[in-house]
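Report on the structure given below.
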Amino acid sequence: MFKYDRQNKFLVESFKSNKLAHSYILVGPKSVDKKEFAVNFVKFANCQNPSQFFPCDKCDNCLKINKGSFIDFKIIEEDLSIAKMRELKNELIFPPYQADLRFLIINNAEQIKEDAASVLLKTLEEPRKRNVFFLLANSVYQVLPTIKSRCQILKFNPFLKEAKEKEEFIFGDFLSKLKSKTIIEKFSFVKNLEEEKYFSFLEEAIKFFQGKVRDDSFRDYSKKELVIILKNFKKAHSLINKTNANQRLALENTLLNT
Ligand SMILES: [Zn+2]
């Protein structure tokens, strides 16, 4: 989860300079664990022995937050009813018990209904300086505009991991059909490949053919051919890595010889 360094750094620096907003909406698709991110930040803010950007996860406060028994921190996620929002509003009249700031996470903020939202809104509108809200939502468009307007939005993009998986799939698919590809198809593949992807494609190709050298059921190429192909891919890889060679040409030539 520390992939979200940028967002974490932003909050940490706001916290350290006493500039945390009263309420944030953390927006990102389901695949982004926004709750884990927010809890981690709450731990950092209360940690007795934090590093520059992260909590220790071992001190009393960190452990209490992990157990859900830290008095000035609350996660609201299942019950988003008007009654719950009223209860919250009444609680927040009092300052935090022990900590400097009281943190509140409201998960699934897009599911808050209008009536409950209007109560929450009153809480958000009266900034009691020592309460900090994190509303978590999968999409900012689903959050009621009145609520959204009171919050600072912090976006989390579906992580690079998925883009990387997609890319690996495309490369793998192309490589597994390489034998049957025409020259035109090979060239058009290179043409459509962004220059900064050449390197990761070659890495994928090397991995792919290294696997095939050991795979006796793979009959597209003879073992001897596979060894040569692998050698050529490695050569292109180091060429692109080390020199000012025409990268596209190097890639085209390598594919031409497969
Ligand atoms: Zn700690």
When the stretch 46-80 is examined, which residues are found to be surrounded by 15 or more Cβ atoms within 10 Å (Cβ to Cβ), of a type in the set (A, V, I, L, M, F, W, C) and part of a helix (DSSP H, G or I)? Cys62, Ile65
Give me the pairs, please: first residue somewhere in the stretch 50-67 and over 20 Å from Lys9 (Cα atoms), second residue anywhere and among the aromatic types (Phe, Trp, Tyr) and more than 6 Å from the ligand (Cβ to nearest atom), beta-carbon distance under 6 Å, and either six or more positions apart or on two chains. Lys64/Phe70; Ile65/Phe73
So the check is Cβ under 8 Å with 6+ separation or different chains; which pairs have a first residue in the stretch 196-211 that's in the same structural domain as Ser238 (by TED's automatic domain parsing) and closer than 15 Å to Thr254 by Cα and a second one that's among the basic types (Lys, Arg) and modelled with pLDDT of 90 or more? Ile206/Lys234
Quick check on the stretch 81-99. Is at least one of its residues within 16 Å of the ligand (Cβ to nearest atom) and buried (at least 17 other Cβ atoms within 10 Å of the Cβ)? yes
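Provide a single number: the residues in the stretch 16-45 that are in a helix (DSSP H, G or I) and surrounded by 16 or more Cβ atoms within 10 Å (Cβ to Cβ). Outline the logic, then answer.
Filtering the stretch 16-45 for residues in a helix (DSSP H, G or I) gives 16, 34-45.
From what is left, the residues that are surrounded by 16 or more Cβ atoms within 10 Å (Cβ to Cβ) are 34-35, 37-45.
Residues flagged as in a helix (DSSP H, G or I) and surrounded by 16 or more Cβ atoms within 10 Å (Cβ to Cβ) within the stretch 16-45 amount to 11.
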Residue hits (the stretch 51-69; more than 9 Å from the ligand (Cβ to nearest atom) and in contact with a Lys or Arg (Cβ under 7 Å, 6 or more places away or on another chain)) are Phe53
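The values are calculated or read from the model by the stated rules, or taken from the named source; none is laboratory data. Predicted, not measured: the structure shown is a model, and the values here were computed from it. Backbone-built Cβ (ideal geometry, glycine too); neighbour counts: all protein chains shown.
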